[in-house]
Amino acid sequence: AALKDGLRSQVSAALKEGRVTPTELCQRCLALIRSTKFLNAYITVAEETALKQAEESEERYKRGQPLGILDGIPIAVKDNFNTAGIETTCASNMLKGYISPYNATVVQKLLDHGAVLLGKTNLDEFAMGSGSTDGVFGPVRNPWSYSKQYKEKSVPKPCSEDEESDWVITGGSSGGSAAAVSSFTCFAALGSDTGGSTRNPAAHCGVVGLKPTYGLISRHGLIPLVNSMDVPGILTRCVDDAAVLLGSLAGHDPKDSTTIQDDFKPFELPNLTDISKLSIGIPKEYHAPGLSSEILALWSKAADLFKMAGAKVVEVSLPHTRYSIVCYHVLCTAEVASNMARFDGLEYGHRSDMKDSTESMYAATRREGFNDVVRGRILSGNYFLLKQNYEKYFVKAQKVRRLIANDFVKVFRSGVDILLTPTTLSDAAPYTEFIQEDNRTRSAQDDILTQAANMAGLPAINVPTALSERGLPVGLQFIGRSFQEKQLLTVAKWFEKQVQFPVIQLEEVKRHDNGVFQHQKSASFS
């Protein structure tokens, strides 16, 4: 019972009062990881390390000297963040067996606050994808595929059809982290967000996914995809918990020159009661081709909810949004081509046995180490960066990116406080249906509603809102002004309270957890 509500009010209090110990909490989460192994959410489970960290946390609680709210709280980290002593693979053959000599800044900050690192979560190879289906360790399964809510709405399949393939995707590329949080195997997880890779799986898995302002959280130790857009993302089961994680992670890092210089002051979210002074913008361009009627209706209903509560709701225009995906494709692949050059088989990672020449060894290493998706993006990026194409593609894309960012500036200067949009075009697709299209086509479709926020460097959050007609989660996205995370999260918390998103009823977890995580609200720690 002590674990059933928030980190700050419940779990942290339970740990302080000794009603549960960090070791017991860690053991329960490890047991849940084992019982939900079929989800393939984790690549590496650091059981020994986690139990040792839990024991150290327990000693601090016994001395009455916990390091803060996160002390003893089990967390997971996407496997593209470096972790000292624990393998970091990026779900690629290129980095299989690679163990970093240092922790990413965000990982180190969590450990400094006493968090217990359970393991590394699955993803698309090098975070290139929107389904968490293209990693070398296999696809991640959405926990909601096995939920009572989904099974009650599913049409029974003929006996001849393979039941093993009757599951839906998590979204991506941080699908492992989203599935880990959704299935109660950890209280929070780190993802990365370059074009929506935290918010997209958060929407499909029914959890909160926060992409902070670019520069607010250090990227040091996050293996880069697109340096100018990558942001560490936060996945939790409620908005308050996202604020707790943000308070622990944000701030200047001398190892990352793109981080803010000012100190970040952690904040506790107020309970908003009066929203009459709030102006909510509804961007008309986000009524995109392919947007399901179900999500459109939910988006309209949410806008009405704000209007009825006294907020000003206005339609706004972000005219260059339609160029965002094409622009992103050029900039993303160009930076990928540059970033992937470091994987040459000489310094770390996979090295081919080819010994004919240095050049042949390079080529064989990259052919063996990267999948088709990664090699395709490298090829495209190098094409855009050719001398004869640089001005025509790369420079022009940078100019369009500026226009996209300026659209947001103009809207926020007009008096709008927060933008309300869908996060995804539809609920989660069945795996067998999702893999019918190639990675690039899927990513272009799935990133269309999330990508512009990365172009502009703005903070954005997915809030789980309702279940679809198929019994699967649907989320809505809030986009805020730069470095105004407190306002963004406060509004998101108000909305979260209004919609009362239901908890997943996962039979496998229920049988195993003896009621610890069965409750009326999302299991969380704040």
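General remarks:
- Computed on the chain, with alpha-carbon pairs under 8 angstrom and 6+ residues apart, the relative contact order is 20 percent.
- ³J(HN,Hα) computed for each position of the range 266-281 - Karplus, 6.51 cos²θ - 1.76 cosθ + 1.60, integer Hz, glycine/proline x: x, 9, 9, 6, x, 8, 6, 10, 10, 10, 5, 8, 8, 10, 9, x
- Here the chain is assigned +1 on the Cβ of each Lys and Arg and -1 on the Cβ of each Asp and Glu. Its dipole about the Cα centre then comes out at about 1160 debye.
- Computed from backbone phi with θ = phi - 60° and the Karplus coefficients 6.51, -1.76 and 1.60, the 3J(HN,Hα) list for the range 67-77 is 7, x, 4, 7, 4, x, 8, x, 10, 10, 10 Hz; x is used for glycine and proline.
- For Ile282, neighbours were defined as the other residues whose beta-carbon sits under 15 Å from its Cβ, and their charges (Lys and Arg +1, Asp and Glu -1) total -1.
- Length gained when the stretch Lys277-Gln27 is fully extended (0.36 nm per residue, less Cα-Cα span): 85.3 nm
- Per-residue HN-Hα couplings for the range 442-457 [Karplus 6.51, -1.76, 1.60; θ = phi - 60°; Hz; x = Gly/Pro]: 4, 5, 4, 6, 6, 8, 4, 8, 10, 5, 4, 5, 6, 4, 8, x
- Extension gain for Ser292 to Lys497 (0.36 nm times residue separation, less C-alpha to C-alpha distance): 71.3 nm.
- Relative to the compact-globule estimate of 2.2 N^0.38 Å, the Cα radius of gyration of the chain comes out at 0.92.
- Charge dipole (Cα centre; +1 on Lys/Arg Cβ, -1 on Asp/Glu Cβ; no other charges) of the range 207-340 amounts to roughly 320 debye.
- Ser154 paired with Thr441, simple spin-label distance in nm, labels 7 Å along Cα-to-beta-carbon: 2.6 nm
- Cα extents for the range 358-410 along the principal axes, largest to smallest and rounded to whole angstrom: 50, 24, 15.
- Shape category assigned to the range 226-346 from the gyration tensor of Cα positions, a/c cut at 1.5: oblate
- Net length available on complete extension from Tyr323 to Asp372 is 15.1 nm, with 0.36 nm assigned per residue and the Cα-Cα distance removed.
- Among 460-470, 99-109, 440-450, sorting by the average number of other beta carbon atoms lying within 10 angstrom of each residue, highest first, gives 460-470, 440-450, 99-109.
- Solvent-accessible area, 1.4 Å probe, carbon plus sulfur percent, for the chain: 49 percent
- Spacing of the modelled spin labels on Lys399 and Lys307, each 7 Å from Cα toward Cβ, amounts to 4.0 nm.
- Modelled FRET efficiency - R0 25 Å, Glu59 with Tyr102, Cβ distances, 0.05 increments: 0.50
- Based on protein heavy atoms only, the chain ends up with 40 Å² per residue of surface accessible to a 1.4 Å probe.
- Shown for the range 217-335: lysine pairs separated by 8 or more places, or found on different chains, whose C-alpha atoms are under 19 Å apart, numbering 6.
- Placing a pseudo-label 7 Å from each Cα along the Cα-to-Cβ vector at Leu379 and Gln505 gives an inter-label distance of 4.9 nm.
The values are calculated or read from the model by the stated rules, or taken from the named source; none is laboratory data. Keep in mind the model is a prediction, meaning the values are calculated, not measured. Cβ atoms come from the backbone with ideal geometry, glycine included; neighbour counts cover every protein chain shown. Calculation scope for accessible area: heavy atoms of the full protein, side chains included, ligands and nucleic acids excluded. Shrake-Rupley method; radii C 1.70, N 1.55, O 1.52, S 1.80 Å.
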